[in-house]
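**Q** Structure below; questions to follow.
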Amino acid sequence: MARTSLTIDGAGLEALLADLTTVKTEFESGDSSASATAEACGHAGLAAKVTSFATNWNDRRAKLAEQITELGEALSTIDKTFTEVDGELEGVLIGGDE
């Protein structure tokens, strides 16, 4: 059975955008210095693993922050487009602009 209507939760989209902004900020501001932690390990092999993990995670975190930015831009476009379309449809329904 096909749906005959589409419902967009604008407030939900705005809340999601706010959440994405928070997550992106956390990813961007994550502590990127693992040297103190590595030094505290007390074992050269473990310190090397900690440093390696931190370096790889920093790279991955930067990529995730970039992807979150792209997702946020897409959601903003969706929200703006649906708001514009909703206004245009309202105008047509009440006999205004086509």
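**Q** What pairs come up if the first residue lies in segment 42-55 and is closer than 22 Å to residue 29 by Cβ, the second is surrounded by 12 or more Cβ atoms within 10 Å (Cβ to Cβ) and aliphatic (A, V, I, L, M), and their beta carbons are under 6 Å apart, counting only those six or more places apart or on different chains?
**A** That search, which allows pairs on different chains as well, returns 50/34; 50/38; 51/34; 51/38; 54/34.
**Q** What are the residues in segment 22-40 that are of a type outside the set (Gly, Ala, Ser) and either exposed (fewer than 13 other Cβ atoms within 10 Å of the Cβ) or at positive phi (or both), if any?
**A** Listed by number, the residues that qualify are 22, 25, 26, 31, 39.
**Q** Of the conditions (1) closer than 30 Å to residue 7 by Cα; (2) surrounded by 13 or more Cβ atoms within 10 Å (Cβ to Cβ), residue 53 satisfies every one except a single condition; which number is it?
**A** (1)
**Q** Within segment 61-98, can you find the residues that are in a helix (DSSP H, G or I) and acidic (Asp, Glu)?
**A** Hits for segment 61-98 are 66, 70, 73, 79, 84, 86, 88, 90.
**Q** Please go through segment 72-85 and pick out each residue that is charged (D, E, K, R) and touching a residue at least 12 places away in the same chain (Cβ under 8 Å).
**A** Correct list: 79 only.
**Q** If you take the residues in segment 1-17 that are part of a helix (DSSP H, G or I) and surrounded by 11 or more Cβ atoms within 10 Å (Cβ to Cβ), which one is modelled with the lowest pLDDT?
**A** 10
**Q** Look at segment 41-50 and say how many of its residues are exposed (fewer than 10 other Cβ atoms within 10 Å of the Cβ) and part of a helix (DSSP H, G or I).
**A** Looking only at that region, the number is 2.
The values are calculated or read from the model by the stated rules, or taken from the named source; none is laboratory data. Every value quoted in this text rests on a predicted model; they were computed, and no experiment measured them. Cβ atoms come from the backbone with ideal geometry, glycine included; neighbour counts cover every protein chain shown.
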